[in-house]
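To start, I am sharing the structure in question, which I have written as structure tokens.
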Amino acid sequence: MPLSRRNFRIALLAFVGASLTLIFLSLERGISHRRWPVKTLADPDRSRVAREKVVDATVADLVSLPRASRPLPRNRRIAPYEMTVYRIRARLIAVHEMLDGDFHVAVADPESPAARMIVEIPAEREGGPSGLSESWRGARRTVREPGANGRLVRITGVGFFDYTHWQPGAAGNGFELHPVLSVEFLDIRPTAQ
């Protein structure tokens, strides 16, 4: 039985929609896994990350760093920025769980709210090589607390340049803290009376 013109259009739209969805999902997975060893502190340079020397910075400072030249190295760190552990004070804007299991946490500078960036907390299952599963579990629990969005936080994490790709809140230079090592609230949530 031949399709009517209307039913053909509906079937065509459904096919195109499903195809675009599959393409998007495969692209998102491929993009999110770029530089995976560096993102999860499983790269050969991980021992060069100065974890004992934390540098205090602002979101505005980090989003104004020079953009790293492309292509980014898959399995190596970009000195000095990716060898550094930063500690920032920020306003938590939103948390998104990505297809790879990472939490993309959009944050803003409390003094310059237009300065925004993403910090990423990997899934605990990725913490084996780095021994950071517990740290990531705690950070993920903190940002998922009810009422976390809008709160003032202190975030400690390793500097990382990512490819920029349709991420709400991403810095123009692609700089992130990835992986996040800890998150703590700085403001006191009012207690219910």
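For helix 5-32, what angle does its Cα long axis make with the longest principal axis of the chain, in degrees from 0 to 90 and rounded to 10?
20
Based on the mean of other beta carbon atoms within 10 Å per residue, what is the order of 81-88, 48-55, 118-125, most packed first?
Values: 81-88: 19.1, 48-55: 12.4, 118-125: 22.4.
Final packing ranking: 118-125, 81-88, 48-55.
Tabulate in residue order the Karplus-calculated ³J(HN,Hα) for segment 64-69, using 6.51 cos²θ - 1.76 cosθ + 1.60 with θ = phi - 60°, rounded to whole Hz; enter x for Gly and Pro.
9, 4, x, 5, 6, 5
Counting only helical runs of four or more DSSP H residues, what would the 222 nm mean residue ellipticity of the chain come to if each run contributes -39,500 (n - 2.57) and the total is spread over all its residues?
When only DSSP H runs of four or more count, the value is -7500 deg cm²/dmol.
If you count, for each residue, the other Cβ atoms within 10 Å and average over each peptide, how do 169-178, 144-153 line up from highest to lowest?
169-178, 144-153
Turning to a different aspect of this structure: Collect residues whose amide H, placed 1.01 Å from N in the peptide plane, falls under 5 Å from the amide H of PHE160; neighbours closer than 5 in sequence don't count.
Those lying under 5 Å, H to H, from PHE160 are GLU176, HIS178.
What is the packing order of peptides 61-70, 157-166, 107-116, taking the mean over residues of other C-beta atoms within 10 Å and listing the highest first?
Ranked by mean Cβ neighbours within 10 Å, highest first: 157-166, 107-116, 61-70.
Kindly express, to the nearest 10 degrees and within the range 0 to 90, the angle between helix 133-143's C-alpha long axis and the longest C-alpha principal axis of the chain.
80
Of the options TRP136, VAL38, ALA14, report the single residue whose Cα projects farthest towards the positive end of the charge dipole of the chain (beta-carbon charges: Lys, Arg +1; Asp, Glu -1).
Going by the Cα projections, it comes out as ALA14.
Still on this structure, I have one more. Report the Cα centroid-to-centroid distance between segment 150-172 and segment 79-136 in angstrom, as an integer.
6
Which one, ASN75, LEU181, GLY159, is farthest towards the positive end of the dipole of the chain when Lys and Arg carry +1 and Asp and Glu -1 on their Cβ?
Projecting each Cα onto the dipole axis, the largest value belongs to ASN75.
Which value, in debye to the nearest 20, gives the size of the charge dipole of the chain about its Cα centre, when Lys and Arg are +1 and Asp and Glu are -1 at the Cβ? Numbers along the way, then the final one.
On the way: 28 positive and 21 negative charges, 112 e Å.
Magnitude of the dipole: close to 540 debye.
Throughout, read-outs are computed from the coordinates displayed, never taken from laboratory work. Note that the structure is predicted; figures quoted are calculated from it, not measured. Neighbour counts run over all protein chains shown; Cβ positions are idealised from the backbone, glycine included.
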